[in-house]
Ligand SMILES: C[S@@+](CC[C@H](N)C(=O)[O-])C[C@H]1O[C@@H](n2cnc3c(N)ncnc32)[C@H](O)[C@@H]1O
């Protein structure tokens with residue numbers, strides 16, 4: 001399962017930036033919004049200017065680079081070596097200093113213990129994990145990496161609205177997007193979701209690039225589990241996180257619901 005997730009992102013890495021209308025603008029915005037979410041829990045004194053932040057599913061760094069560019073000391077990890085390699089390239093191109101390395105968010109590391117002001121896992125990374133035990137393990141690893149009073153942030157798709165529907169009415173298609181990069185071909189992308197008998201699904205990410213004489217397509221597949229906010233709250237508490245709360249996009253400015261919690 002994890003090999004599949006890693007392979008999916010390794011293959012997607014060269015195209016990841018192209019999934020956003022303007023990735024650099026998104027990175028800047030994510031940096032601002034995630035910083036505000038951290039400050040909302042920890043306050044805005046002198047220490048707020050240079051937090052120690054661990055991003056356990058950084059990908060190419062949409063949040064990690066955004067935070068580093070705002071002066072925070074960021075360590076980003078990700079399962080996918082290709083996403084990490086791309087992130088390093090982007091950081092070098094933009095002159096942003098941060099550390100990016102390959103790592104599995106389920107694995108607790110002794111060297112992280114008690115170090116970080118904030119530990120984050122944003123943009124639907126946890127729903128790649130199949131079992132409750134794995135998610136609880138991620139929360140335990142996040143807790144271990146936090147200093148006392150530190151804050152954890154996790155964002156996921158709004159699966160509550162998906163799970164509220166009868167199975168036959170769950171979404172099976174995520175709308176078409178047209179990407180028009182300043183250089184390079186136009187691209188169309190869309191997603192198909194094939195549901196299992198339970199809350200798990202296979203996502204097919206289809207991309208078509210305009211070429212002379214047609215629109216050849218590439219399809220990549222990933223596995224997800226639709227997880228409710230109540231389940232994530234329960235697992236975060238079971239792992240030992242405290243003050244667990246959810247901030248919806250209208251409150252946080254982040255595009256997905258965000259779980260925010262603290263180490264006691
Ligand atoms: C949708 S991407 C988001 C990445 C980043 N937060 C961003 O917004 O650009 C989800 C990321 O989760 C990572 N991921 C999935 N399972 C993981 C695991 N067990 N440990 C670390 N990273 C993982 C993937 O490799 C992928 O880069």
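The values are calculated or read from the model by the stated rules, or taken from the named source; none is laboratory data. Given the structure is predicted, the values throughout are model-derived calculations rather than measurements. Here the Cβ positions follow ideal geometry from the backbone for every residue, glycine too, while neighbour counts run over all protein chains shown.
What's the total number of residues in segment 215-249 that are closer than 30 Å to residue 12 by Cβ and part of a strand (DSSP E or B)?
Number satisfying all stated conditions: 11.
Quick check: anything in segment 13-35 at pLDDT 95 or above, more than 9 Å from the ligand (Cβ to nearest atom), assigned by TED's automatic domain parsing to the domain that holds residue 95 and in contact with a strand residue (DSSP E or B) (Cβ under 6 Å, 6 or more places away or on another chain)?
Looking for residues that are at pLDDT 95 or above, more than 9 Å from the ligand (Cβ to nearest atom), assigned by TED's automatic domain parsing to the domain that holds residue 95 and in contact with a strand residue (DSSP E or B) (Cβ under 6 Å, 6 or more places away or on another chain), one finds none in segment 13-35, hence no.
State whether the residues of segment 40-51 include one that is farther than 26 Å from residue 134 by Cα, assigned to a helix (DSSP H, G or I) and within 13 Å of the ligand (Cβ to nearest atom).
No, there is no match, as no residue in segment 40-51 is farther than 26 Å from residue 134 by Cα, assigned to a helix (DSSP H, G or I) and within 13 Å of the ligand (Cβ to nearest atom).
What are the residues in segment 3-27 that are in a helix (DSSP H, G or I) and touching a helix residue (DSSP H, G or I) at 6+ places or on another chain (Cβ under 6 Å), if any? Reasoning before the result, please.
Of all residues in segment 3-27, those in a helix (DSSP H, G or I) come to 3-15, 17-19, 23-27.
5, 9, 10, 13, 17, 23, 27, listed by residue number.
Please specify each residue of segment 110-148 satisfying the condition of being more than 11 Å from the ligand (Cβ to nearest atom), surrounded by 15 or more Cβ atoms within 10 Å (Cβ to Cβ) and more than 23 Å from residue 43 (Cα to Cα).
Of everything in segment 110-148, those that are more than 11 Å from the ligand (Cβ to nearest atom), surrounded by 15 or more Cβ atoms within 10 Å (Cβ to Cβ) and more than 23 Å from residue 43 (Cα to Cα) turn out to be 132, 136, 140.
Listed here are the residues, each with its yes/no results for (1) surrounded by 11 or more Cβ atoms within 10 Å (Cβ to Cβ); (2) over 21 Å from residue 258 (Cα atoms); (3) in contact with a helix residue (DSSP H, G or I) (Cβ under 8 Å, 6 or more places away or on another chain); (4) without any contact (Cβ under 8 Å) to a residue 40 or more places away in the chain.
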position: 156; (1), (2), (3), (4): yes, no, yes, no
position: 159; (1), (2), (3), (4): yes, no, yes, no
position: 171; (1), (2), (3), (4): yes, yes, yes, yes
position: 189; (1), (2), (3), (4): yes, yes, yes, no
position: 195; (1), (2), (3), (4): yes, yes, yes, yes
position: 217; (1), (2), (3), (4): yes, yes, no, yes
position: 222; (1), (2), (3), (4): yes, yes, yes, no
position: 227; (1), (2), (3), (4): yes, no, yes, no
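Being within 7 Å of the ligand (Cβ to nearest atom), within 19 Å of residue 115 (Cα to Cα) and in contact with a helix residue (DSSP H, G or I) (Cβ under 8 Å, 6 or more places away or on another chain) narrows it down to one residue among 56, 74; which is it? Before the answer, list the steps.
Details: 74 fails: within 7 Å of the ligand (Cβ to nearest atom).
Just a single option satisfies the conditions, and that option is 56.
Can you say whether residue 83 is touching a helix residue (DSSP H, G or I) at 6+ places or on another chain (Cβ under 6 Å), in contact (Cβ under 8 Å) with a residue 24 or more places away in the chain, in the same structural domain as residue 57 (by TED's automatic domain parsing) and surrounded by 22 or more Cβ atoms within 10 Å (Cβ to Cβ), as far as the supplied structure shows?
Details: touching a helix residue (DSSP H, G or I) at 6+ places or on another chain (Cβ under 6 Å): yes; in contact (Cβ under 8 Å) with a residue 24 or more places away in the chain: yes; in the same structural domain as residue 57 (by TED's automatic domain parsing): yes; surrounded by 22 or more Cβ atoms within 10 Å (Cβ to Cβ): yes.
Answer is yes for this residue.
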